[in-house]
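Accompanying notes for the structure given below.
The values are calculated or read from the model by the stated rules, or taken from the named source; none is laboratory data. These numbers come from a predicted model, not from an experiment. Every residue, glycine among them, receives a Cβ derived from its backbone with ideal geometry; neighbour counts consider all protein chains shown.
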Amino acid sequence: MEEHLTVGRVAELAGVSVRTLHHYDEIGLVPPSARTATGYRAYSAGDVERLREVLGYRRLGFGLREIADLVDDPTTDAVARLRRLRGLLQEQRDRLAATVAAIDEELEARAMGIRTEPEDQLKVFGAQLYESIGSAYPATRRTERRIAARIWDALGEARTVLNVGAGTGSYEPPDREVTAVEPSAVMRAQRPAGAAPCVAAGAERLPFADQSFDAAMAVSTVHHWADPIAGLREMRRVARRVVVFTYDAGSPGRLDRFWLTRDYLPEFAGLLVGWPSLADMTRAIGGRAQPVLIPWDCADGFFEAHWRRPEAYLEDPVRRAVSVWTRVGPQAEQRAVDSLRDDLSSGRWAARNRDLVSLDAAELGLRLLVA
Ligand SMILES: C[S@@+](CC[C@H](N)C(=O)[O-])C[C@H]1O[C@@H](n2cnc3c(N)ncnc32)[C@H](O)[C@@H]1O
């Protein structure tokens, strides 16, 4: 018979109380599969595996309901779930390390009698990722005119436009009065001379009065916000019209619609955990979603841009300008790139993706939300 651990032993090993384990059992989160002769709960290897996953998500601050959805996700297997958990823990570790480094810097500055600017105190919470990867951004990230045309068209007659998460300002319309909002100092510093004025702030607390702009736009940024729904509601509050270019993370075929995530980078799924659904996002602005097909020669090098030019993903500058590659971690990145390189030279990629060659534009889950 399979060996089981008693509830007391499991509690001791995991550093949780027996009461917690009883609670997890009562709500069906981690029900032990056996009882001892004396009636105590007994945990099999499989039960312990599930408990480990639950405790990992608890450590990340997830609620028990959310955890239940994650550990019961029928679309992933145990290895994929472990990878997802690992990616999230790594991300948390990086964030904590960046926070500690920022506090050390401030302590040093204080010791020398230097006051830290308020925006520098905040930036570690809002934009630390772009503080480290932002300088690689302009190499391949620029306006894609066909997507810009859709965004500008959706802005309608708006004369004053707020661009939230503006970065270097790629999609700012040249013929309107634009105000940009961008929390990362590195990104702000890379805005071209003559670009619209830029305010240091995060989407979740826009420093503007209600209805102070004709329109607010946000391009390729919502998934970076700590609280996307709060940010979208803020856009709705400060503007009469809202236009958002983003990604539909909720549809079931999300990994399969792009060969890169389907065949080389399954870790992408881990990055989508906790993202709001398209329905929640459109509800937050009171709008509707329209698909945006990505042209085969897309000029803006975002993650999906090179779907018909696979060799581009082998180039370091292409990957460095896209946060996904940093977020999945160096091991997953290396494995994906090596495997893609092999498949390109063996002809396997071409054989698997021969349908793509005849397409001029692809549906890869990008959406324009308009309200
Ligand atoms: C992929 S870039 C997009 C920049 C620009 N919109 C574009 O299309 O080129 C994402 C931007 O979101 C910014 N960002 C991160 N967290 C944010 C937040 N909480 N509020 C507003 N912007 C944020 C980042 O600093 C970064 O500049």
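A few remarks follow.
- Residue in the range 146-156 that is within 13 Å of the ligand (Cβ to nearest atom) and touching a helix residue (DSSP H, G or I) at 6+ places or on another chain (Cβ under 6 Å) present: no
- Count - residues of the range 223-273 that are touching a helix residue (DSSP H, G or I) at 6+ places or on another chain (Cβ under 9 Å) and over 29 Å from Ala312 (Cα atoms): 14
- Gly202 meets each of the listed conditions (1) among the small types (Gly, Ala, Ser); (2) more than 9 Å from the ligand (Cβ to nearest atom); (3) touching a helix residue (DSSP H, G or I) at 6+ places or on another chain (Cβ under 6 Å); (4) at pLDDT below 95 apart from (2).
- The number of residues in the range 259-301 that are small (Gly, Ala, Ser) and away from the ligand (no atom under 16 Å from the Cβ) comes to 7.
Every residue, every condition in (1) outside the structural domain of Ala269 (by TED's automatic domain parsing); (2) in contact (Cβ under 8 Å) with a residue 40 or more places away in the chain; (3) in contact with a strand residue (DSSP E or B) (Cβ under 7 Å, 6 or more places away or on another chain), yes or no:
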{"residue": "Pro317", "(1), (2), (3)": "no, yes, no"}
{"residue": "Gly329", "(1), (2), (3)": "no, yes, no"}
{"residue": "Ser358", "(1), (2), (3)": "no, no, no"}
{"residue": "Ala361", "(1), (2), (3)": "no, yes, yes"}
{"residue": "Leu366", "(1), (2), (3)": "no, yes, yes"}
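- Enumerated helices (runs of 4 or more DSSP H) restricted to the range 242-345, each holding at least 2 residues that are basic (Lys, Arg) and more than 29 Å from Pro138 (Cβ to Cβ): none
- Yes/no for Asp263 being assigned by TED's automatic domain parsing to the domain that holds Ile151 and touching a Lys or Arg at 6+ places or on another chain (Cβ under 6 Å): no
- Of residues in the range 19-41 being part of a helix (DSSP H, G or I) and touching a Lys or Arg at 6+ places or on another chain (Cβ under 9 Å), the one farthest from Ile67 (Cα to Cα): His22
- Residue in the range 229-238 that is within 10 Å of the ligand (Cβ to nearest atom), over 24 Å from Ile294 (Cα atoms) and in a loop (DSSP other than H, G, I, E, B) present: no
- Scan of the range 208-226 for residues that are assigned to a loop (DSSP other than H, G, I, E, B) and at pLDDT 95 or above, ordered by number: Phe208, Ala209, Asp210, Gln211, Ser212, Ser220, Thr221
- No other residue among Ala148, Ala102 is surrounded by 19 or more Cβ atoms within 10 Å (Cβ to Cβ) and modelled with pLDDT of 80 or more apart from Ala148.
- Taken together, the residues in the range 173-199 that are touching a helix residue (DSSP H, G or I) at 6+ places or on another chain (Cβ under 9 Å) and acidic (Asp, Glu) amount to 2.
- Taking the criterion of being assigned to a helix (DSSP H, G or I), closer than 23 Å to Asp227 by Cα and among the hydrophobic types (A, V, I, L, M, F, W, C), the residues of the range 167-207 that qualify are Ala185, Val186, Met187, Ala203.
- Tally, over the range 157-189, of residues that are more than 17 Å from Val238 (Cα to Cα), more than 9 Å from the ligand (Cβ to nearest atom) and in contact (Cβ under 8 Å) with a residue 40 or more places away in the chain: 1
- Within the range 275-292, residues that are at pLDDT 95 or above reach partners that are hydroxyl-bearing (Ser, Thr, Tyr) and part of a helix (DSSP H, G or I) with beta carbons closer than 9 Å, at six or more positions or on different chains, in the pairs Arg288/Thr282; Ala289/Thr282.
- Count of the range 319-345 residues which are surrounded by fewer than 20 Cβ atoms within 10 Å (Cβ to Cβ) and touching a Gly at 6+ places or on another chain (Cβ under 9 Å): 1
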